[in-house]
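Worksheet: the structure to be examined is printed underneath.
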Amino acid sequence: MTTPLFDLAAPPLVPVEGGETGYPVRRIFCVGRNYAAHAAEMGNEVDREAPFYFTKTPHALCLSGANIPYPLETSDCHHEMEFVVALGAPAFRVTKARAMSAVWGYGCGIDLTRRDLQGQAKDKRRPWDLGKDFEDSAIIGALTAKAAFGEIGDQAIRLDVDGRRAQEASLSEMVWSVPEIIAHLSRFYHLGAGDLIYTGTPAGVGPVAPGNVLRGEIDGLAPLVVTIGAAE
Ligand code: MN
């Protein structure tokens, strides 16, 4: 039998509201341009043919309550407040009608983005990894079970920076609904328990700075709070 050369730290378990259990994360998928007003503020149009995605590694996870250093090698790090879907069952080539049966619950998330590095990647037609997949870039609040949250409708989603409202929208403004995203993504992956989907950000993204306190809220979910510390 082969033994490991060394032990790797496991990603943190995401706390679950009202329980002692934690949600283990396997993969992190993120949807791009899922609110028309955000696509417009970035100078893009929504692709209504199909959603597109990028991914983050589980080691990018950051739990609500953390104080994180200002991210490395950027001078334009942006907040992107997002509704996060946590899967709890397999979904492979599912229809829109069947997609929601794979959902375990939901949480508040921030897709922290090194906008300058993402912009350079776009200009050079290179992958977005350095702009998107970095330590502490997948911030997540405690998860709430699907049944406790109820139907996804016109719940408000908002983000305050130091108490000032930066982002505010309704989940009903998503271009691609959650079942549409799951159905589409399940054509490309064997989705399953432990897979998180960040469903895109509304308008109002902007830079964060050392000392900022970010507070994200979605009606019906546990809020998310994170403090940006000094650069390393
Ligand atoms: Mn995003």
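Among the numbered conditions (1) more than 15 Å from the chain's Cα centre (by Cα); (2) within 16 Å of the ligand (Cβ to nearest atom); (3) among the hydrophobic types (A, V, I, L, M, F, W, C), tell me where Ala183 comes up short.
Answer for Ala183: the failing condition is (2).
Could you tell me which numbered condition His184 fails, if it satisfies all but one of (1) farther than 14 Å from His79 by Cα; (2) buried (at least 18 other Cβ atoms within 10 Å of the Cβ); (3) in contact with a strand residue (DSSP E or B) (Cβ under 7 Å, 6 or more places away or on another chain)?
Exception for His184: condition (3).
Scan segment 1-33 residue by residue and report those that are surrounded by fewer than 14 Cβ atoms within 10 Å (Cβ to Cβ) and β-branched (Val, Ile, Thr).
Thr2, Thr3, Thr21
Are any residues in segment 42-59 farther than 18 Å from Thr201 by Cα and buried (at least 16 other Cβ atoms within 10 Å of the Cβ), and if so, which ones? First the steps, then the outcome.
To start, the set of residues in segment 42-59 that are farther than 18 Å from Thr201 by Cα comprises 49, 57-59.
Within segment 42-59, Thr57, Pro58, His59 qualify.
Under 6 Å between Cβ atoms, at least 6 apart or on separate chains: pull out the pairs that start in segment 29-49 with a residue that is touching a residue at least 60 places away in the same chain (Cβ under 8 Å) and end on any residue that is away from the ligand (no atom under 14 Å from the Cβ) and small (Gly, Ala, Ser).
Qualifying pairs under 6 Å: Val46/Ala36.
Among Gly194, Gly216, Gly206, which is the only one that is surrounded by fewer than 19 Cβ atoms within 10 Å (Cβ to Cβ) and either farther than 19 Å from Arg33 by Cβ or away from the ligand (no atom under 15 Å from the Cβ) (or both)?
Numbers: Gly216 fails: surrounded by fewer than 19 Cβ atoms within 10 Å (Cβ to Cβ); Gly206 fails: either farther than 19 Å from Arg33 by Cβ or away from the ligand (no atom under 15 Å from the Cβ) (or both).
From the options Gly194, Gly216, Gly206, the qualifying one is Gly194.
Show me the strands (runs of 3 or more DSSP E) found entirely inside segment 1-97 where at least 2 residues are at pLDDT below 95 and within 16 Å of the ligand (Cβ to nearest atom). Give the derivation first.
Working: elements: 27-32, 52-56, 61-63, 67-70, 77-79, 81-87.
It comes to none.
The values are calculated or read from the model by the stated rules, or taken from the named source; none is laboratory data. A quick note: this is a predicted structure, and the numbers were derived from the prediction, not measured. Neighbour counts run over all protein chains shown; Cβ positions are idealised from the backbone, glycine included.
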